[in-house]
Amino acid sequence: MSTTFRTAVVRTPGGPDSIEIIDVPLVEPGPGQVRVEIAGAAVNPVDLAVAAGVFHGRGLVDQPHHTGLGWDFSGTVAAAGPGVGWAVGTRVAGLIDGFDRDFGTYAEQLIVSADDIAPVPAGLDLVAAAAVPLNSLAAAQLVDLLGDGDGRSLLVTGAAGAVGGYVLSLAQDRGWRVTGLARTQDEEFVRGLGAGFTTRATPGWDAVADGAAMQEQGMPLVRDGGLFVGVQPGAAPAEVRGITVRVVVARPDGARLAQLLEATADGRLPVRVHAVVPLDEVASAHRAVAKGGVRGRYVLTPGTAMD
Ligand SMILES: NC(=O)c1ccc[n+]([C@@H]2O[C@H](COP(=O)([O-])OP(=O)(O)OC[C@H]3O[C@@H](n4cnc5c(N)ncnc54)[C@H](OP(=O)(O)O)[C@@H]3O)[C@@H](O)[C@H]2O)c1
C-alpha cells in the first residue's frame, strides 16, 4: 500500500489555476477517528471562494504551506481508530468544516471524526451521496433557525440551488407555506417539491431563507418584524424594521446526516449530480461552476475507490 495519497490544495489562492494536486503522507486514524477512502467529493460554491482567497482575505485562513479544498465526501471506511465501531468497508458520507485547514475532501483519503460520518443507504450510490452532506445539513440547520412555521409564509431564494432545494422540502415539514424564488427554467423542479414558485422578488414574506445569498437585497422582501436567515457566515445583513436576522453555519452531525441520506435514498429529498469528473480535472470543474447556471453538483472522483 502507498505511503502517500493525492489531494488538491491551493498554496497562494488565485482561482482555479492556483489549484495543485500534491502528494501527502498517509496517516492512521487516532482514537475516535476513521480513515475514509474517498469515492466522491462535491464541488460547492464555498470551494470556489476558498480557491479565490476570499476567506484568506477575511482572515479566516492562515495556513503556512497550503490550504485544503472540499467539505463533503462519500467513500468507504479504510481504517478505524482505537475504540471506533465502524467496520472497514462500510459505505459512508460526511462533512468536515472550518476554513483554516491544510486538508480537505478533494483527496484520495481523509481522516475524520467517527461522529461526523453516516452510513450510505443501500439504495443510494456513492456519487449521489457525495452531493448530500454539506447542503442538506446546511438546509436542515437553517430550518432549525426558522423554527416552526405554523402556516406562515416563507420565501426561499436560490430555490433551485443545492441548499435552496433542501430548504423547500424541509421547511414544509415544519409547517411553513413555502415559495421558491428561482429562474424561469427551474419552475418544474420547485413545484415538483410541493412549493409555490416565483421569478419575482416581491416584498411581504413572514420569513426569507436566503439560498441565493442576496444578503442586503433580500432584506426588503421580509415584512416588518419578520425573519431573515442568511447563508454567509460572518456576513449578516443589519437588522432593520424589527426583522430578526440569523445566519446558518453548517456543522458536521453524523446522526442528522444519516436521516438526510435515508430521506434522499427514499426520494423524499432531492439530489442532483451534474457531472462526475476525475480529481485531476478539478480546475475545469471550478471554472464551469463559476459560470453559474449549473443545476446539480460536480462530483470529483479521486479514481481509486470507484475503480
Ligand atoms: N453557511 C453555510 O454553512 C453554507 C453551507 C452551504 C452553502 N452555503 C452558501 O449557500 C449559497 C447557496 O449554495 P448552493 O450550493 O445552494 O449554491 P447553488 O447550488 O449554486 O445555488 C444557488 C442558486 O441561486 C440561484 N440564484 C442566484 N441569484 C439568484 C436570483 N437573483 N434569483 C433567482 N435565483 C438566483 C442560482 O441560479 P443561477 O445558477 O442561474 O445563477 C442557483 O440556482 C452559497 O452562497 C453557499 O456558499 C452556506
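Which of the residues belonging to the stretch 214-233 are within 24 Å of the chain's Cα centre (by Cα) and either open to solvent by less than 40 Å² (accessible area, probe 1.4 Å) or at pLDDT below 95 (or both)? Matches in the stretch 214-233: Q215, G218, M219, L227, F228, V229, G230, V231, Q232, P233.
Quick grid of which residues meet (1) among the polar types (S, T, N, Q); (2) in the same structural domain as Q141 (by TED's automatic domain parsing); (3) within 16 Å of the ligand (Cβ to nearest atom); (4) farther than 17 Å from W71 by Cα:
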{"position": "G242", "(1), (2), (3), (4)": "no, yes, no, yes"}
{"position": "R256", "(1), (2), (3), (4)": "no, no, yes, no"}
{"position": "Q259", "(1), (2), (3), (4)": "yes, no, no, yes"}
{"position": "V276", "(1), (2), (3), (4)": "no, no, no, no"}
{"position": "S284", "(1), (2), (3), (4)": "yes, no, no, yes"}
{"position": "V289", "(1), (2), (3), (4)": "no, no, yes, no"}
{"position": "G292", "(1), (2), (3), (4)": "no, no, yes, yes"}
{"position": "G296", "(1), (2), (3), (4)": "no, no, yes, no"}
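When the test is whether a residue is within 11 Å of the ligand (Cβ to nearest atom), under 24 Å from R246 (Cα atoms), under 22 Å from the mean Cα position of the chain (by Cα) and touching a residue at least 24 places away in the same chain (Cβ under 8 Å), A139 passes it.
Hey, any hits in the stretch 279-292 for a residue that's part of a helix (DSSP H, G or I) and without any contact (Cβ under 8 Å) to a residue 24 or more places away in the chain?
For the stretch 279-292, residues part of a helix (DSSP H, G or I) and without any contact (Cβ under 8 Å) to a residue 24 or more places away in the chain: present.
Among the residues of the stretch 172-194, which ones are within 14 Å of the ligand (Cβ to nearest atom), part of a loop (DSSP other than H, G, I, E, B) and closer than 19 Å to D266 by Cα? If the condition is that a residue be within 14 Å of the ligand (Cβ to nearest atom), part of a loop (DSSP other than H, G, I, E, B) and closer than 19 Å to D266 by Cα, then L193 is the only one that fits. Being without any contact (Cβ under 8 Å) to a residue 12 or more places away in the chain and either buried (at least 23 other Cβ atoms within 10 Å of the Cβ) or closer than 20 Å to F99 by Cα (or both) is a property that P45 lacks. Looking only at the stretch 12-42, which residues are in a strand (DSSP E or B), touching a His at 6+ places or on another chain (Cβ under 8 Å) and surrounded by 16 or more Cβ atoms within 10 Å (Cβ to Cβ)? Within the stretch 12-42, just I19 meets the criteria.
Among the residues of the stretch 22-64, those identified as more than 18 Å from A162 (Cα to Cα) and among the charged types (D, E, K, R) are D23, E28, R35, E37, R58, D62. For residues that are closer than 18 Å to T7 by Cβ and among the aliphatic types (A, V, I, L, M), scanning just the stretch 66-92, find the one that is surrounded by the fewest Cβ atoms within 10 Å (Cβ to Cβ). The residue in question is A79. Every test in (1) open to solvent by less than 70 Å² (accessible area, probe 1.4 Å); (2) farther than 17 Å from L124 by Cα is passed by L257 save one, and that test is (2). Only one entry of A263, A236, A195 meets the criterion of being open to solvent by 30 Å² or more (accessible area, probe 1.4 Å) and either out of contact with any Pro (no Cβ under 9 Å at 6 or more places or on another chain) or of a type in the set (A, V, I, L, M, F, W, C) (or both), and that entry is A236.
No other residue among P203, P252 is open to solvent by 40 Å² or more (accessible area, probe 1.4 Å) and more than 10 Å from the ligand (Cβ to nearest atom) apart from P203. G158 satisfies every condition listed in (1) open to solvent by 40 Å² or more (accessible area, probe 1.4 Å); (2) modelled with pLDDT of 95 or more; (3) within 14 Å of the ligand (Cβ to nearest atom) except (1). Quick one: is A118 open to solvent by less than 10 Å² (accessible area, probe 1.4 Å) and either charged (D, E, K, R) or within 15 Å of the ligand (Cβ to nearest atom) (or both)? Judged against the criteria, A118 is not a match.
Within the stretch 187-201, residues that are over 14 Å from L154 (Cα atoms) sit with their Cβ atoms under 6 Å from residues that are more than 9 Å from the ligand (Cβ to nearest atom), at 6+ positions apart or across chains, in these pairs: E187/F197; R191/F197; L193/L168; L193/S169; T199/T184.
Annotation note: Cβ proximity below 6 Å between a residue of the stretch 85-102 that is without any contact (Cβ under 8 Å) to a residue 24 or more places away in the chain and a residue that is not in a loop (DSSP other than H, G, I, E, B) (sequence gap 6+ or interchain) occurs for V88/V77; G89/T76.
The values are calculated or read from the model by the stated rules, or taken from the named source; none is laboratory data. Computed from a prediction, not measured in an experiment: that's the story for all the values here. So basically every Cβ, Gly included, is an ideal-geometry build from the backbone, and we count neighbours across all protein chains shown. Note: accessible area is taken over every heavy atom of the protein model, side chains too, but ligands, DNA and RNA are not part of it. Shrake-Rupley method; radii C 1.70, N 1.55, O 1.52, S 1.80 Å.
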